[in-house]
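Participant: Pasting a structure below so you can have a look.
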Amino acid sequence: MVDRLANSEANTRRISIVENCFGAAGQPLTIPGRVLIGEGVLTKLCRKKPKARQFFLFNDILVYGNIVIQKKKYNKQHIIPLENVTIDSIKDEGDLRNGWLIKTPTKSFAVYAATATEKSEWMNHINKCVTDLLSKSGKTPSNEHAAVWVPDSEATVCMRCQKAKFTPVNRRHHCRKCGFVVCGPCSEKRFLLPNQSSKPVRICDFCYDLLSAGDMATCQPARSDSYSQSLKSPLNDMSDDDDDDDSSD
């Protein structure tokens with residue numbers, strides 16, 4: 001069905017509408033063979049709080065952005081090549097339900113659907129698109145992905161030293177390798193993670209020592225699917241890192 005829709009007028013018109021919704025700041029989305037599979041609003045777990053984002057699934061990319069005017073205008077467009085995507089279901093926990101992880105080498109994050117049926121449909125369609133792309137290209141699934149950031153609200157003290165309390169003066173930082181929330185003294189070092197940035201990025205001392213010793217795998221956090229506190233705890237908005245998808249430091 002995807003092949004049949006690829007060059008149809010209806011598909012071209014739908015993609016053009018999506019392009020127009022992002023305005024001049026968005027990247028062109030119309031290319032030969034690209035098909036818009038579906039769209040919808042998902043709750044994306046950002047570092048400070050869950051936020052509604054508009055997602056568009058194409059047969060080769062996943063696009064999302066901030067909602068300015070529902071179904072009419074979006075900004076901060078993000079484009080994720082599906083060949084690099086792996087997804088993992090997240091168990092329901094507290095108020096966070098119907099979620100899954102979207103993992104890529106450059107960025108990983110959790111999203112939540114309104115219903116279990118919607119979650120199932122999104123995951124099935126994404127997996128089908130990824131499988132078809134890998135089958136056509138002959139590539140293997142990506143086995144490396146960026147860490148999912150622990151939400152700010154899960155850490156009242158540094159997750160490495162377990163001593164430094166976060167305040168408006170002692171701000172939160174995120175290690176780009178393990179995703180932990182850490183204090184400044186525990187994350188003064190920088191390390192080049194080519195999949196995430198062309199420049200050295202902030203990492204915690206623990207990950208720096210492991211990376212320097214060549215132990216890449218051990219840096220990954222032991223848990224990545226426990227997010228319930230992000231909906232329950234008071235948040236400290238005084239954070240060194242931007243609270244959103246544009247965060248780069």
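To keep it simple, each residue is scored yes or no on (1) at pLDDT 95 or above; (2) of a type outside the set (Gly, Ala, Ser).
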{"position": "7", "(1), (2)": "no, yes"}
{"position": "17", "(1), (2)": "yes, yes"}
{"position": "24", "(1), (2)": "no, no"}
{"position": "33", "(1), (2)": "no, no"}
{"position": "40", "(1), (2)": "yes, no"}
{"position": "48", "(1), (2)": "no, yes"}
{"position": "54", "(1), (2)": "yes, yes"}
{"position": "58", "(1), (2)": "yes, yes"}
{"position": "68", "(1), (2)": "yes, yes"}
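Participant: Is at least one residue of the stretch 36-50 more than 16 Å from the chain's Cα centre (by Cα), touching a residue at least 24 places away in the same chain (Cβ under 8 Å) and over 22 Å from residue 124 (Cβ atoms)?
Facilitator: Scanning the stretch 36-50, I find no residue that is more than 16 Å from the chain's Cα centre (by Cα), touching a residue at least 24 places away in the same chain (Cβ under 8 Å) and over 22 Å from residue 124 (Cβ atoms), so the answer is no.
Participant: Which of the residues that make up the stretch 154-165 are within 22 Å of the chain's Cα centre (by Cα) and open to solvent by less than 40 Å² (accessible area, probe 1.4 Å)?
Facilitator: 155, the sole residue that qualifies.
Participant: Can you pull out every residue in the stretch 165-216 that is β-branched (Val, Ile, Thr) and assigned to a strand (DSSP E or B)? Break it down stepwise before answering.
Facilitator: So in the stretch 165-216, the residues β-branched (Val, Ile, Thr) come out as 167, 169, 181-182, 201, 203.
Within the stretch 165-216, 181, 182, 201, 203 qualify.
Participant: Residues in the stretch 42-77 that are of a type outside the set (Ser, Thr, Tyr), farther than 27 Å from residue 176 by Cα and touching a strand residue (DSSP E or B) at 6+ places or on another chain (Cβ under 9 Å): how many?
Facilitator: First pass over the stretch 42-77, keeping only residues of a type outside the set (Ser, Thr, Tyr): 42, 44-63, 65-73, 75-77.
Okay, now just the ones that are also farther than 27 Å from residue 176 by Cα, so 58-59, 68-73.
The next check asks that each one be touching a strand residue (DSSP E or B) at 6+ places or on another chain (Cβ under 9 Å); those that pass are 58-59, 68, 70-71, 73.
Total meeting the criteria: 6.
Participant: Being of a type in the set (Lys, Arg) and either touching a Lys or Arg at 6+ places or on another chain (Cβ under 8 Å) or open to solvent by less than 50 Å² (accessible area, probe 1.4 Å) (or both) is the filter here, so list the residues in the stretch 77-119 that pass it.
Facilitator: Initially, the stretch 77-119 is screened for residues of a type in the set (Lys, Arg), giving 91, 97, 103, 107, 119.
Correct list: 103, 119.
Participant: Can you name every residue in the stretch 135-153 that is out of contact with any strand residue (DSSP E or B) (no Cβ under 7 Å at 6 or more places or on another chain) and either at pLDDT 95 or above or open to solvent by 30 Å² or more (accessible area, probe 1.4 Å) (or both)? Full working, then the answer.
Facilitator: Of the stretch 135-153, the ones out of contact with any strand residue (DSSP E or B) (no Cβ under 7 Å at 6 or more places or on another chain) are 135-140, 143-144, 153.
Those that are out of contact with any strand residue (DSSP E or B) (no Cβ under 7 Å at 6 or more places or on another chain) and either at pLDDT 95 or above or open to solvent by 30 Å² or more (accessible area, probe 1.4 Å) (or both): 135, 136, 137, 138, 139, 140, 143, 144.
The values are calculated or read from the model by the stated rules, or taken from the named source; none is laboratory data. None of the values given here were measured: they were computed from a predicted structure. Backbone-built Cβ (ideal geometry, glycine too); neighbour counts: all protein chains shown. These area figures cover heavy atoms from the full protein model, side chains too; ligands, DNA and RNA do not enter into them. Shrake-Rupley method; radii C 1.70, N 1.55, O 1.52, S 1.80 Å.
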